[in-house]
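Beneath this line is the structure, given in structure tokens, with notes to follow.
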Amino acid sequence: MIKMSQQWYVYLLRCIDNSLYCGVTIDVSRRVDEHNQSNTLAAKYTRVRRPVTLAYQEVCDNKKLAYQREYAIKKLSKLQKEKLVANYNDSKES
């Protein structure tokens, strides 16, 4: 049986203190809910910065590429991450 490849996502969350949190998942909406509601499944970083909202998401072809992209995004400056978010929001509106 051939296993279908799953889509992976890299996402940025906007926290209540205006910081950005980067993560990887196969289900973005479920993961955002976990960050907002679960004390066991949420990242330690987001637990104390609730509520969080989805600011950016990007599709990756596989898990390895998603984690590589997450690593690259985490190395960006705050200004560069904000530009990613702004470009994402502009593309959603047009």
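Every number here is computed from the coordinates shown, using simple stated rules; none is lab data. Just so you know, these numbers come straight off a predicted model, no measurement behind them. Glycine gets a Cβ as well: all are built from the backbone with ideal geometry, and neighbour counts include every protein chain shown.
Computed over the chain with a Gaussian network model linking Cα atoms closer than 10 Å, the most mobile of Tyr67, Tyr11, Tyr45 is Tyr45.
In terms of surrounding Cβ atoms within a 10 Å radius of their Cβ, Arg47, Arg30, Arg14 rank from fewest to most as Arg30, Arg47, Arg14.
Rounded to the nearest Å, what's the spacing between the alpha carbon centres of the stretch 6-49 and the stretch 63-94? Just the number, please. So the two Cα centres are separated by 14 Å.
Working value for the stretch 8-93: equivalent-ellipsoid semi-axes of 19, 16, 12 Å, each the square root of 5 times a Cα gyration tensor eigenvalue, largest first. Close amide H pairs (under 5 Å, H built 1.01 Å from N) link Tyr56 with Leu12, residues at least 5 positions away or on another chain.
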